[in-house]
Amino acid sequence: MKTKLLKTVIVCGLLMWSLSAVTYSGGPPDSHTGAPGESNCTSCHGGSALNSGGALNNITLTTSTALTALQPNTTYTFNLGFSQSGRTKYGFQLCVLPSSATSSSASIGTLIASSSETQLSSTTGPNRTYLMHDVSGTSALGSTKTWQFQYTTPNTINVSPVFYVAINASNGDNSSSGDLIYTKTFSSTVLPVKWGDIAALGNERGVLIKWTTLTEINNNYFEVQRSVNGYDWEVIGEVKGSGNQSVAKRYQFTDDTKLAHAYYRVKQVDYDGKEDYSRVVRIDKAIQESVVPLYDVVSKSIVLPNLDYTALVLTDLKGNPLNVNTKVENGVLKIDGHYLPAGIYILSASYQTNNASWKIWIEGSGN
């Protein structure tokens, strides 16, 4: 029986979850993500049809910013998550192909197995790289699992990366029957500009806003925007972009309105109308009291101006630290709060020379 199980693992892909299978060091074979030209493992891991186990929407892929706002040639830390009630052993395989991929398309960007629970493998004809679980990364206590890895985006926006993911939710009965197989894709967009530094400096004329781009592709122009509270923005000027360039480019704009304090950011717009935002900066004056977090009921997120934070800590009223999952969306920083029960929480932040704490009422669902 043990030999039969080992053979099944080698042929089919995602690891069997018996004791002998979990300790098999080879990992799942390549080319089982459901991507163009590939199969999945429902023929061997039986139990139900592909994606019929009711947990397809529980597959999540997140990083520090929205998948639709990735910068070129930038390394991001990703979290691949999955959960299914009653299942405590999971496996996965993932590859990244261009949005127009065919069966002969090669991988784009660079996958990095940054966790001891993941590993890499590759094929030729086509040249594809696969990220998958390691033997130490299958246990899912509480029926929930998150694998962490890194991915470096291509240095181009001609094609957009698509993440092809296959998940095996085992029933743990020491056989290949009863397992549930899911496949899901996550589309992303590499934006036209990779941002460098941005700063706002007071001078005799007002405020000098300076920013740098490291890469520009199809970049039309920049909008310089100002806010007095970090949320409500007005356009105060426009600067022409450089179209296409792969070396550092410096820009500047002077705001001659002398305000006691203000926030600034730069919005980039390409020739096709796509847009992206720099992080937010402020003039070099003590305006700590003007940073006020908001709670967005629709997205169940705590919203902050997208400043250069060195620390963000969320605790309950007893001082217990909680997970802080952030992303930048539409030019603001969002802290995920959908998993929190309704109640009062303490958010502490450090940015530049300031430290601040706020009490925030979360209208959470606890799910």
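Is it the case, given these coordinates, that Ser105 is in contact (Cβ under 8 Å) with a residue 24 or more places away in the chain, over 20 Å from the mean Cα position of the chain (by Cα) and not in a strand (DSSP E or B)? Against the criterion (in contact (Cβ under 8 Å) with a residue 24 or more places away in the chain, over 20 Å from the mean Cα position of the chain (by Cα) and not in a strand (DSSP E or B)), Ser105 qualifies. Exactly one residue among Thr129, Thr183, Thr138, Thr146 is under 18 Å from the mean Cα position of the chain (by Cα) and either in contact (Cβ under 8 Å) with a residue 12 or more places away in the chain or in the same structural domain as His45 (by TED's automatic domain parsing) (or both), and that residue is Thr146.
Evaluating Lys318 against the criteria (1) outside any loop (DSSP other than H, G, I, E, B); (2) over 22 Å from the mean Cα position of the chain (by Cα); (3) at pLDDT 80 or above; (4) of a type in the set (D, E, K, R) leaves one unmet condition, (1). Filtering the stretch 81-102 to residues that are more than 22 Å from the chain's Cα centre (by Cα) and closer than 19 Å to Ser187 by Cα leaves only Thr102.
Residues in the stretch 88-100 that are farther than 15 Å from Gly137 by Cβ and either surrounded by 22 or more Cβ atoms within 10 Å (Cβ to Cβ) or among the β-branched types (Val, Ile, Thr) (or both): Cys95, Val96, Leu97.
The criterion of at least 3 residues that are modelled with pLDDT of 95 or more is met by the following strands (runs of 3 or more DSSP E) wholly inside the stretch 150-252: 161-170, 180-187, 206-227, 234-245.
Going by the structure shown, is Thr257 in a strand (DSSP E or B) and surrounded by fewer than 14 Cβ atoms within 10 Å (Cβ to Cβ)? It is false that Thr257 is in a strand (DSSP E or B) and surrounded by fewer than 14 Cβ atoms within 10 Å (Cβ to Cβ).
The values are calculated or read from the model by the stated rules, or taken from the named source; none is laboratory data. Because the structure is predicted, anything quoted here is derived from the model rather than measured. In this analysis, Cβ positions are derived from the backbone assuming ideal geometry, glycine residues included, and neighbour counts consider all displayed protein chains.
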